[in-house]
1. Which pairs turn up if I take residues in the range 7-28 that are assigned to a helix (DSSP H, G or I) and look for partners that are acidic (Asp, Glu) with beta carbon separation below 7 Å, at least 6 apart in sequence or on another chain?
2. Residue by residue through the range 88-110, note down the ones that are within 21 Å of residue 74 (Cβ to Cβ) and either over 20 Å from the mean Cα position of the chain (by Cα) or free of Cβ contacts under 8 Å to residues at least 12 places away in the same chain (or both).
3. Which residues, counting only those in the range 58-94, are more than 11 Å from residue 33 (Cβ to Cβ), at pLDDT 90 or above and small (Gly, Ala, Ser)?
4. Collect the residues in the range 40-77 that are surrounded by fewer than 18 Cβ atoms within 10 Å (Cβ to Cβ) and hydrophobic (A, V, I, L, M, F, W, C), keeping them in residue-number order.
5. Here is a check on your reading of the model: is residue 73 assigned to a helix (DSSP H, G or I), hydrophobic (A, V, I, L, M, F, W, C) and touching a Phe, Trp or Tyr at 6+ places or on another chain (Cβ under 9 Å)?
6. Give me the residue from the range 36-62 that is charged (D, E, K, R) and outside any helix (DSSP H, G or I) and, out of that set, farthest from residue 84 (Cα to Cα).
7. Would you check if residue 81 is of a type in the set (Ser, Thr, Tyr), in contact with a helix residue (DSSP H, G or I) (Cβ under 9 Å, 6 or more places away or on another chain), within 23 Å of residue 40 (Cβ to Cβ) and surrounded by 10 or more Cβ atoms within 10 Å (Cβ to Cβ)?
Amino acid sequence: MAGAPSDQALSLLAAANNHGDLAVKMSSLKQAKDILLSIEPSLAAELFPYLVELHSSPETLVRKSLIDAIEEIGLKALEHSSVFMPVLLALLKDVEPSVARQSIVIGTNFFCSVLEELALQIYSIWLNHVL
């Protein structure tokens with residue numbers, strides 16, 4: 001696939017959202033996730049709205065893979081957690097218990113990482129003030 005990585009990711013996310021074949025959806029989502037992980041978080045952030053659209057996919061496997069992608073991408077781009085947290089919260093109400101359970105685990109990991117980052121920032125500010 002030629003073109004800029006963000007264009008490739010957008011095309012793959014469109015396929016993951018719209019294709020009728022589950023294998024194509026899964027392959028497209030995995031490839032899009034790999035691209036989003038490889039590019040600068042600020043560029044990837046432009047595509048996050050297309051990624052999170054997958055939370056309404058009728059396929060359980062797609063929703064579970066979305067949660068995995070959110071974990072990997074979100075931990076790399078914590079400053080964009082406001083995009084991912086509503087999706088994880090929405091998936092808590094999923095009809096499939098395994099999706100809801102995975103959302104709890106990943107959401108907890110994500111939340112802990114955000115709190116760790118906040119604690120480090122506060123400590124850094126305090127340390128600079130003391131010194």
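1. Taking only residues 6 or more apart or on different chains, the pairs are 17/53; 22/59; 25/59.
2. Within the range 88-110, 93, 100, 101, 105, 108 qualify.
3. 90
4. Those that are surrounded by fewer than 18 Cβ atoms within 10 Å (Cβ to Cβ) and hydrophobic (A, V, I, L, M, F, W, C): 43, 45, 61, 75.
5. Values: assigned to a helix (DSSP H, G or I): yes; hydrophobic (A, V, I, L, M, F, W, C): yes; touching a Phe, Trp or Tyr at 6+ places or on another chain (Cβ under 9 Å): yes.
Here the answer is yes, as residue 73 does meet what is asked.
6. To start, the set of residues in the range 36-62 that are charged (D, E, K, R) comprises 40, 46, 53, 59.
Filter again for outside any helix (DSSP H, G or I), leaving 40, 46, 59.
Values: 40: 17, 46: 13, 59: 19 Å.
In this case the residue turns out to be 59.
7. Numbers: of a type in the set (Ser, Thr, Tyr): yes; in contact with a helix residue (DSSP H, G or I) (Cβ under 9 Å, 6 or more places away or on another chain): yes; within 23 Å of residue 40 (Cβ to Cβ): yes; surrounded by 10 or more Cβ atoms within 10 Å (Cβ to Cβ): yes.
So residue 81 passes the test.
The values are calculated or read from the model by the stated rules, or taken from the named source; none is laboratory data. Worth saying up front: this structure is predicted, and the values here are computed from it rather than measured. Here Cβ is always computed from backbone atoms with ideal geometry, including for glycine, and neighbour counts include all displayed protein chains.
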